[in-house]
Structures are given as C-alpha cells and as structure tokens.
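Every read-out reported here was derived from the displayed coordinates using simple, explicitly stated rules and does not represent laboratory data. Being a predicted model, the structure only gives us computed values, none of them experimental. With ideal geometry, Cβ positions are generated from the backbone for all residues, glycine too; neighbour counts draw on all protein chains shown.
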Amino acid sequence: MEKINLAKASKITSPNPVALVCTQKPDGSTNIATVSWYTYLSYNPNMIAYAMAKTSYSGELVRSNKKVIITIPSENIKEIVMECGMKSGRDTNKIEEFKIKMQELPTSEIKIPIHSAAAIQCSLKEFIETGDHYLYICNVEEVYADSKEKAVFAWESYSKIASAKEA
Ligand SMILES: Cc1cc2nc3c(=O)[nH]c(=O)nc-3n(C[C@H](O)[C@H](O)[C@H](O)COP(=O)(O)O)c2cc1C
C-alpha cells in the first residue's frame, strides 16, 4: 500500500454522507451549514455527533443555545448544499440569499429547509476539542422523515452532490 494523507482518504470513502446543520440565530431565524462529518453514536439512548471547524457560526450558535436540527437534504435542494457550505452565516443571510424555502417541525422553534429527506432534532450534550474542529455530541429528541425525498451524498471529495444511484 502507498502512504496517503487523510484528505485523500475522504476521496476513497466517497460518496460521503452530507447533512445541513440548522441552528437558531438570535433573531429566531435559522442558519444553515453543510456538514459531511456526522455520525450516529448510540441507539440507547439515541445520540449523534458532528464535527465543525472552530470558526463556524453554526458552532457559536449551538454552543450558546444547545439546540440543533441535522437535516438530510434531498435531490430537490442539492444546489443549496454547496451554497450553504461556501459562506458563513456570520456575514450572510443564507436563507434570503439562496432563496431557501423553509418548513416547520411540530416540536422545534428551528425551521428547516423544505425537501428534507430526514430531520434529526437534537440538544447539545457536550462538545470537545478535536484539532481544528469541535466535535458536537448530541442527544436526539425527535426524528422525522419524508419518504418522498431521496437523500444525496457528497462525491469526489465533497465537490459534487448527487444521489447514490445517479452519480
Ligand atoms: C459538501 C460540503 C461538506 C462540508 N462538510 C463540513 C464538515 O463536515 N465540517 C465543517 O466544519 N465544515 C464543512 N463544510 C464547510 C462548512 O459548511 C462551511 O465552512 C460553512 O461556511 C459554515 O457555515 P457557518 O459559518 O454559517 O456555520 C462542508 C462544505 C461542503 C460544501
């Protein structure tokens, strides 16, 4: 085998999962950021975790109000996956700029994009420093799904967003 770096390994593991982290801004509106580094942790109790760069606005928001919804985007909104991953909500209102239509969930104040295949409503349990990222460890409160929507994945080191079948 040849020695490679970790970034190159992410190309080998492609397609990688992709999610939209929805957090609540101080004015009550939602900030949306793209996250590929998420994982299930436990079914009893239900737990999930995701890693975000220390500088992310999403991180600042969840550390402050402890609430987050991790949504799985579908093919119908695949454009916003790249858009929400290229700009920070610190200086951009992504929902207005990218004309993202939102929907409500019955058990959360945080709105999420329409055409989500799944939505995992969480509260932050703790976060730990992992190099240049923080790992956010969350308790899952509720899980929703829309079987009409087909999940997308990140291909070729996060450069292409497509369903698993199509790409
Ligand atoms: C396909 C894709 C996957 C990404 N995955 C992650 C990730 O797992 N963790 C992370 O910190 N940033 C990831 N990013 C970058 C963030 O989405 C980006 O830094 C974003 O601007 C953060 O927004 P915020 O400052 O509003 O939180 C990804 C971007 C793309 C396009």
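Students often check this: by mean Cβ neighbours within 10 Å, which of 109-118, 85-94, 8-17 ranks highest, and how do the rest follow?
Working: 109-118: 19.8, 85-94: 15.1, 8-17: 13.4.
Top to bottom by mean Cβ count within 10 Å: 109-118, 85-94, 8-17.
Read phi for every residue in region 124-135 and hand back ³J(HN,Hα) as whole Hz from Karplus 6.51 cos²θ - 1.76 cosθ + 1.60, θ = phi - 60°, with x for Gly and Pro.
Per residue, the Karplus-derived 3J(HN,Hα) values read 6, 8, 6, 9, 10, 6, 10, x, 8, 10, 10, 9 Hz.
Extent of region 6-162 along each principal axis, from alpha carbon coordinates, in Å, largest to smallest?
Computed over the Cα atoms, the extents are 38, 35, 33 Å.
Full-extension gain between Ile12 and Ser123, please, as 0.36 nm times their residue separation minus the C-alpha to C-alpha distance.
Details: separation 111, 0.36 × 111 = 39.96 nm, distance 3.22 nm.
Length gained, Ile12 through Ser123: 36.7 nm.
When the Karplus curve 6.51 cos²θ - 1.76 cosθ + 1.60 is applied with θ = phi - 60°, which whole-Hz ³J(HN,Hα) does each residue of region 54-63 get, with x for Gly and Pro?
4, 7, 5, 5, 4, x, 4, 5, 6, 5
Amide H neighbours of Ser163 under 5 Å, counting only residues 5+ apart in sequence or on other chains, H built in-plane at 1.01 Å?
Distant-sequence amide H within range of Ser163: Phe153.
Set the bar at 29 Å for Cα to Cα. Now go through Lys8/Lys165; Lys54/Lys160; Lys11/Lys66; Lys111/Lys150 and name every pair that lies beyond it. Don't skip to the answer; put the middle values down first.
Working: Lys8/Lys165 23 Å; Lys54/Lys160 24 Å; Lys11/Lys66 32 Å; Lys111/Lys150 20 Å.
Listed pairs above 29 Å: Lys11/Lys66.
Could you work out the relative contact order of region 18-94, using alpha carbon pairs under 8 angstrom and six or more residues apart, expressed as a whole percent? Spell out each step's value before the answer.
Values: 110 pairs, mean separation 29.0, N = 77.
About 38 percent, as a whole number.
Please tell me the relative contact order of region 25-144 in percent, rounded to the nearest whole number, where contacts are Cα pairs under 8 Å and at least six residues apart.
33 percent
Calculate for the chain the 222 nm mean residue ellipticity that helices alone would give, adding -39,500 (n - 2.57) per DSSP H run of length 4 or more and normalising by residue count, nearest 500 deg cm²/dmol. Numbers along the way, then the final one.
On the way: 4 runs with 27 residues, N = 167.
My calculation for the chain gives -4000 deg cm²/dmol from helical runs alone.
Taking amide H positions as placed 1.01 Å from N in the peptide plane, with prolines and chain starts having none, which residues 5 or more places from Ala19, or on another chain, fall under 5 Å of its amide H?
When sequence neighbours closer than 5 places are left aside, the close amide H contacts are Val35, Ser36.
Just to compare against my own numbers: the Cα pair-distance distribution for region 1-78, 10 Å bins, whole % per bin, please.
Once binned at 10 Å, the Cα pair distances of region 1-78 give 15, 41, 32, 11, 1, 0.
Sorted by average packing, counted as other Cβ atoms within 10 angstrom per residue and highest first, what order do 51-58, 157-164 take? Numbers along the way, then the final one.
On the way: 51-58: 17.8, 157-164: 15.5.
By packing density, highest mean first, the sequence is 51-58, 157-164.
List, in order, the whole-Hz ³J(HN,Hα) value for each residue of region 13-18 obtained from phi through the Karplus relation with A = 6.51, B = -1.76, C = 1.60 and θ = phi - 60°; use x for Gly and Pro.
7, 4, x, 9, x, 9
Search the structure for amide H atoms under 5 Å from the amide H of Glu142, placed 1.01 Å from N in the peptide plane, and list their residues when 5 or more places away or on another chain.
Distant-sequence amide H within range of Glu142: Gln121.
In debye, nearest 20, what is the charge dipole magnitude of the chain about its Cα centre with +1 on Lys and Arg Cβ and -1 on Asp and Glu Cβ, if you could check? Walk me through the intermediate numbers first.
Working: 20 positive and 20 negative charges, 48 e Å.
Approximately 220 debye in magnitude.
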